[in-house]
Amino acid sequence: VWGGSHPYSRNPVSMSNMSEIGNALRQGSSWRSSRWLGALLLVAVNVCLGATWLYVTTSDSDITETLVGQGEIVSPEPRVFTVKCSEDYENYKRYAGCTPQKCGRAIIDSLVTRDEAHVLRRLAERGLALAGSEGGASILDLHSGALSMGKQFVNIYRYFGDQISDVFTAEDFKLYSDVRGRIQAVIAETFGLDPTLMYLTKPTFFSRINSTAAKTQHDEYWHPHIDKETYGSFDYTSLLYLSDYGSDFTGGRFIFIDQNGNRTVEPRTGRVSFFSSGSENIHRVERVAWGTRYAITVSFTCDPAHAISDPALP
């Protein structure tokens, strides 16, 4: 799916063999030909299924631990995994009561209901239905208005103008803001912060990922990265999952890359995963094998100069 040789391409059928197969088919009876073609089709189907199974089961075989599986429910308190803070934060101005002193990663399933997550997913579906990337990864940013369109981005508020009122409602934006507030509160409580000293920052956005081949660098979502290095303003990162690993999509797991092994979080509708944004939490997203993965990335900074407001309908 993502390039490279097909696992069965090393022993192609020769032209002479193809000719012999053609002669045999022409010389055989109609019944024998149908039976032979049926058997060939069955073999082809089994090969395709086998290749798909091989891809799914061997994909990211370097994962050594599942922190939280899709079938688990982490409630009412988050499951917290403490890690030593990196020195990344020393390169930035420190803000008392906010800059990470305690670092780690956490997961909770009781912060956002599945019904609320479904409402937010429908919001994302409506917005992304207006355009979308040609590749496998599309984003919708309600704050800046950025929307993937083909190989570029447009401002959804300017590009679609009055149509926006038919796509989004004030209730949609209120729920979005309420959920953002809950996420901010649980991050502050978990890491011992003053929530009034944390600020929403950009980019905060919806994402839709499927198995379509990447067309531009923006579509290559699977590379390892460090949020603090990539964005600078990030101090805490969170993800709210809007679809289920294993039923809505396969692949697409979130992977923390640690020195002694890689650890994954399996997405579940309504699940919130959050972590400090430095190199103590280098991570990536596994390539989606099939289906569609929806999520929201919600990011926070300690620097008021990089604060953004909740989105509002124009």
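The values are calculated or read from the model by the stated rules, or taken from the named source; none is laboratory data. Since the model is a prediction, treat every value here as computed from it, not as a measurement. Methodologically, a virtual Cβ is constructed for each residue, glycine included, from the backbone with ideal geometry; neighbour enumeration extends over all protein chains shown. We work out accessible area using only protein heavy atoms, side chains counted, and drop any ligands, DNA or RNA first. Shrake-Rupley method; radii C 1.70, N 1.55, O 1.52, S 1.80 Å.
Tabulated results
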read-out: Count of segment 172-230 residues which are touching a residue at least 60 places away in the same chain (Cβ under 8 Å), β-branched (Val, Ile, Thr) and farther than 17 Å from TYR95 by Cβ; value: 9
read-out: Hits in segment 214-246 - residues which are surrounded by fewer than 21 Cβ atoms within 10 Å (Cβ to Cβ) and more than 15 Å from the chain's Cα centre (by Cα); value: LYS215, THR216, GLN217, ILE226, GLU229, THR230, TYR231, GLY232
read-out: Pair list, Cβ under 6 Å, 6 or more apart: segment 273-291 residue over 20 Å from GLY232 (Cα atoms) and free of Cβ contacts under 8 Å to residues at least 12 places away in the same chain, other residue among the β-branched types (Val, Ile, Thr) and open to solvent by less than 10 Å² (accessible area, probe 1.4 Å); value: none
read-out: Some residue of segment 204-213 being within 21 Å of the chain's Cα centre (by Cα) and under 20 Å from HIS306 (Cβ atoms); value: yes
read-out: Candidate set: segment 271-309, residues that are open to solvent by 30 Å² or more (accessible area, probe 1.4 Å) and part of a strand (DSSP E or B); chosen: the one nearest to ASP88 (Cα to Cα); value: ARG284
read-out: Some residue of segment 161-179 being within 20 Å of SER243 (Cα to Cα) and open to solvent by 50 Å² or more (accessible area, probe 1.4 Å); value: yes
read-out: Tally, over segment 261-312, of residues that are among the hydrophobic types (A, V, I, L, M, F, W, C) and out of contact with any Ser or Thr (no Cβ under 7 Å at 6 or more places or on another chain); value: 5
read-out: Residues (open to solvent by less than 50 Å² (accessible area, probe 1.4 Å) and either touching a residue at least 60 places away in the same chain (Cβ under 8 Å) or polar (S, T, N, Q) (or both)) located in segment 140-160; value: LEU140, ASP141, LEU142, HIS143, SER148, ASN155, TYR157
read-out: Out of GLY97, GLY161, GLY135, sole residue that is part of a helix (DSSP H, G or I) and over 22 Å from THR264 (Cα atoms); value: GLY161
read-out: Failed criterion for LEU147 (all others in (1) farther than 30 Å from ALA96 by Cβ; (2) in contact with a Phe, Trp or Tyr (Cβ under 7 Å, 6 or more places away or on another chain); (3) in a helix (DSSP H, G or I) hold); value: (3)
